[in-house]
């Protein structure tokens, strides 16, 4: 049973990869990168993963983009498969691998986010653009409500709002209000608990795999090392790949001469020193193709 210890962290890792938290991270990361690389910093100010006060509580917003062309309140949602639903439905249908599940309508959450932003910034309704970005689905999204987009359509949709709806000073004031109002996590660690969980699962999984397969891994390492050594020093190995003994390596380094006329044989080391060997052994070494034969 000890050899199966790696299965536990593997199951935990799979469970984490299938968790809503990990899927949420996938969606937020995808949209965050799009906004960071696709929008001009001189025209758009992007906030990610912020919490604002709302009606005695708080509201979390995945992405908030402030510009003279409006304030985009963006909810990122990961949902693999085919998603379908109407704007006012409580739950949407998700079809994936011939299985059907239900998803809370993200537009409702997005509406509450937009209302919280409107209450804090006191901007006209026409300046707010609430959006939902669906990540991981297979359909084009043409049958969705207008506020629901695929990641591929997000930047084009934002740039399409090219008419100024608020003054530059109003946009700057909105940025200052968001900075002043957003709820900061006091003493927030440099690494989150979810990142710690990911690292821990990976380390435990690697340790379990090593504990279970260490003999095979050591054998593989030795085999690869022997192959590299055989390529760099072929004189240390037999043609079949077996390593030569130290005695065989020493004998190969000798220079032996045998005279068929006199029957005499002599062997010398590379430095010139003569070596006393049995006559039959000396003759055998002299008759090898790799040494001198006289």
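Values as computed for the structure displayed
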item	result
Highest to lowest packing among 90-102, 25-37, 109-121, scored as the average C-beta count within 10 Å	109-121, 25-37, 90-102
Extension gain (nm, one decimal) between residue 202 and residue 288, 0.36 nm per residue minus Cα-Cα	25.4 nm
Computed over the stretch 234-286: relative contact order in percent, which uses C-alpha pairs under 8 Å that are six or more apart	28
Segment residue 49-residue 33, length gained on full extension (0.36 nm per residue, minus Cα span)	4.5 nm
Full-extension gain in nm, residue 156 to residue 103, via 0.36 nm per residue minus C-alpha separation	16.5 nm
Highest to lowest packing among 149-158, 125-134, scored as the average C-beta count within 10 Å	125-134, 149-158
Rounded FRET efficiency, nearest 0.05, which uses the C-beta distance separating residue 276 from residue 240 and R0 of 25 Å	0.20
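Read-outs throughout are calculated quantities, based only on the coordinates presented, and are distinct from any laboratory measurement. Keep in mind it's a predicted model, so treat the numbers as computed, not measured. With ideal geometry, Cβ positions are generated from the backbone for all residues, glycine too; neighbour counts draw on all protein chains shown.
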